[in-house]
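A short worksheet on the structure shown next.
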Amino acid sequence: MTRRILAAFLGVTLAVLIGVVIPLGLMTARQERQSFADQTVSAASAVASAAEEQLADHERGAPAASTLRYHPALIGNDLFAVYDRNGRVFIPGPADLRVTPGQVSAALSGRTVQQWQDDPQDGLLVLRPAYSGTRVVGATAVQRAAEPLNKQVARLWLGLVLTGLAAILLATTLSLALARWVGRPLRRLDATADRFGAGELTVRASTDLGPPETRHLAGTFNDMAGRLEALVGSHRTLVADISHQLRTPLSALRLRLELLHDDVDSAAAGELDGALGEIARLSRLVDGLLAVARAEHTQPAPVTIDLARLLAERVAIWSPLAQERHIELLSSHSPATVSATPGHLEQVLDNLLANALDVTPGGGQITVTTRPLHDRVRLEVIDSGPGMTPARRAQAFRRFWTEPADSPSRDSTSGSGLGLAIVHRLITVDGGTIELADAPGKGLAVRIELHAAAG
């Protein structure tokens, strides 16, 4: 926005300068030049009138020249010469007064001759006929140096250039001030919208900065943010309440079915086993919904966490289950500390390790590694399971998404589809990133990058 406003102001200013100031300068310079020429012609006419008496009396030489030298029409270093009616020099001029016979003849014929000299400093040469009554008795030549004219025109252009520069400076200052006045509240509103979109539902935009339209926009955003916060809050509360209320009857139902299982025949026991499996799956779904609700209610309060120590603890906890399933659980970590919310990484690692153990066949391997990357730390969980296609990886972080029925990793114990959604939410809340990729050889690699702790 700043660049556009600056370009608009400068464009208008330059258009005015080009369309008005430059033509004004050219016109004024032409007027000054014409005025200079008119004054020189008037001086030549005055000298011709004064020389008419000497020409009529045939007074040649220095006395006549001395008389004309102090004529009031001549100024400064004006050069002059007088010619009789035959074109001969009557009063000679200085050596640098260059007059051609053709110019003298033209003046004796009654015409006024004006000739700008090749050297700008030499100025203008004017020849005027001298009359005695109506008869031409001679001619006078006056050459006036253009240095005063050039200085005056130079001062004119210097003034116009300074005026143009001042106008450009003023336009730049005004455009930057306007851009700051309009752009600053918009940038703050944009930053507030980013924070709101990242999950900080309590942030609000300032309504006391910028033009009225911007303040009105900020107020509208705040109204929208308030309604969305209330809507999302009620949704989260509803999910949490429903999930919590479902846990008790599900536990009671599971207990009753387990008690009934021992008192029925084998045919009914098979059906009860299926029902117990579905109840277990429903319980996991309820637990996942509760975890999602808690994750969405979480406000980031990061602390420094020793990732290597935390990783060693979680691997030690999951190792017995891995051994029971004949899966090799390995860890390779470098000393690293990260900035994260307490409890988030434990839940992330538990979800990822549980998923990896579910899809890795007996005799397979799961590797958990950490590696520092400048100001971030990478955490990877790599399994040797069937992996995922790019299309399925693109949907894996969606809630309630599970592997299709024909997927090699799909079985009767497949989860609720909330594990990776919870992991994604917890990592993004702490300012990290997570992606799924093919593991070397076969399997899936989950790559997480977190901010390294300062200091």
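The values are calculated or read from the model by the stated rules, or taken from the named source; none is laboratory data. All figures in this text were calculated on a predicted structure; none of them were measured in a lab. Reconstructed Cβ throughout: ideal geometry from the backbone, glycine too, with neighbour counts over all protein chains shown. Accessible surface areas use protein heavy atoms only, side chains included; no ligands, DNA or RNA. Shrake-Rupley method; radii C 1.70, N 1.55, O 1.52, S 1.80 Å.
What to note about this one:
- Here the condition is being closer than 20 Å to residue 439 by Cβ and crowded, with 16+ Cβ neighbours inside 10 Å; of 305, 382, it holds for 382 alone.
- Test: residue in the range 176-196 that is of a type in the set (Ser, Thr, Tyr), assigned to a helix (DSSP H, G or I) and open to solvent by less than 40 Å² (accessible area, probe 1.4 Å): yes
- Hey, residue 380 acidic (Asp, Glu), under 14 Å from residue 427 (Cα atoms) and out of contact with any Ser or Thr (no Cβ under 9 Å at 6 or more places or on another chain) or not: no
Let's see how each residue does on (1) over 30 Å from residue 118 (Cβ atoms); (2) at pLDDT 85 or above:
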{"residue": "134", "(1), (2)": "yes, no"}
{"residue": "149", "(1), (2)": "no, yes"}
{"residue": "178", "(1), (2)": "yes, no"}
{"residue": "196", "(1), (2)": "yes, no"}
{"residue": "199", "(1), (2)": "yes, no"}
{"residue": "212", "(1), (2)": "yes, yes"}
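- Within the range 186-206, the presence of a residue that is of a type in the set (Asp, Glu) and under 30 Å from residue 123 (Cα atoms) is excluded.
- Qualifying position, being open to solvent by 60 Å² or more (accessible area, probe 1.4 Å) and modelled with pLDDT of 90 or more, among 395, 365: 365
- Beta carbons closer than 6 Å, at least 6 apart along the sequence or on distinct chains, pair a first residue in the range 10-25 that is of a type in the set (S, T, N, Q) with a second that is in a helix (DSSP H, G or I) and open to solvent by less than 80 Å² (accessible area, probe 1.4 Å) for 13/167; 13/168; 13/171.
- Those strands (runs of 3 or more DSSP E) of the range 83-168 in which 2 or more residues are touching a residue at least 60 places away in the same chain (Cβ under 8 Å) occupy 124-132, 135-144.
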